[in-house]
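Reading through the structure tokens given below for one structure.
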Amino acid sequence: MTNRQAKPNSKKTEAALVAICAAALLIASSCGKELVYNQYHRTGHAWEKDAAHAFAFTIDDETAAYDLILEVRNNGLYPYSNLWLFCDEASPDGRILSDTIDCELADNFGKWNGKGVSIYHSSFPLRTGYKFPRKGEYTISVRQGMRRDTLKGITEIGLRIEKAR
């Protein structure tokens, strides 16, 4: 009786492994939301109280639901744990919807909530599952709503829009 071990066919094993990895990658990539808009504006050395950052985008499908996310990047010079933002949405017919957002950038102990090391990136939902009333060009303007005329430590403000699931 011979004691031989069967050698696996390395070419078949390699091909099967490649096929499994490709299928997993395809499934993982299909799980992401469809990105409609993603833009950032630098605030400069300090964000002036009256300086509005306007994000203009086009909506082609008013039947779809969208998630609107505010993006905030700050550094360690930001002196507060939260950031108040005034947001105005101008629709194609000239109507303006206004909202005030409280962004919690740090916890009660001063630890930044955002991801990063020297620049911290935080995301805050502005609207979830929102259906725009009509097709056309929209503009969302964002101003800082803190009690200081100039605000240091906020490096960028952004808007991301994704089709909701």
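The values are calculated or read from the model by the stated rules, or taken from the named source; none is laboratory data. The structure displayed is predicted, hence computed values, not measured ones. For neighbour counting, all protein chains shown are included, and Cβ atoms are generated from backbone atoms with ideal geometry for every residue, glycine included.
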Residue in the range 69-89 that is nearest to residue 140 (Cα to Cα), counting only those that are in contact with an Asp or Glu (Cβ under 6 Å, 6 or more places away or on another chain) and crowded, with 18+ Cβ neighbours inside 10 Å
87
Of the conditions (1) exposed (fewer than 13 other Cβ atoms within 10 Å of the Cβ); (2) within 18 Å of the chain's Cα centre (by Cα), residue 164 satisfies every one except a single condition; which number is it?
(1)
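In the range 118-146, what residues are in a loop (DSSP other than H, G, I, E, B) and in contact with a Phe, Trp or Tyr (Cβ under 9 Å, 6 or more places away or on another chain)? Full working, then the answer.
Filtering the range 118-146 down to residues in a loop (DSSP other than H, G, I, E, B) leaves 118, 131-135, 145-146.
Of everything in the range 118-146, those that are in a loop (DSSP other than H, G, I, E, B) and in contact with a Phe, Trp or Tyr (Cβ under 9 Å, 6 or more places away or on another chain) turn out to be 131, 132, 145, 146.
Can you name the residue in the range 91-104 that is surrounded by 14 or more Cβ atoms within 10 Å (Cβ to Cβ) and out of contact with any Leu (no Cβ under 6 Å at 6 or more places or on another chain) and, of all such residues, is farthest from residue 66 (Cα to Cα)? Spell out the reasoning first.
Here is the first cut: in the range 91-104, the residues surrounded by 14 or more Cβ atoms within 10 Å (Cβ to Cβ) are 91-92, 101, 103.
Applying the additional criterion that residues be out of contact with any Leu (no Cβ under 6 Å at 6 or more places or on another chain) yields 91-92.
Numbers: 91: 15, 92: 17 Å.
Filtering first and then ranking leaves 92.
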Hey, could you check the range 139-161 for residues that are over 15 Å from residue 52 (Cα atoms) and modelled with pLDDT of 95 or more and say which is surrounded by the most Cβ atoms within 10 Å (Cβ to Cβ)?
161
Report, ordered by the first and then the second residue, all pairs with beta carbons closer than 6 Å, sequence separation of six or more or different chains, a first member in the range 100-117 that is touching a residue at least 40 places away in the same chain (Cβ under 8 Å) and in a strand (DSSP E or B), and a second member that is surrounded by 10 or more Cβ atoms within 10 Å (Cβ to Cβ) and not small (Gly, Ala, Ser).
100/86
Considering each residue of the range 52-68, count those that are of a type outside the set (Gly, Ala, Ser) and either more than 18 Å from the chain's Cα centre (by Cα) or over 15 Å from residue 138 (Cβ atoms) (or both), and give that number.
4
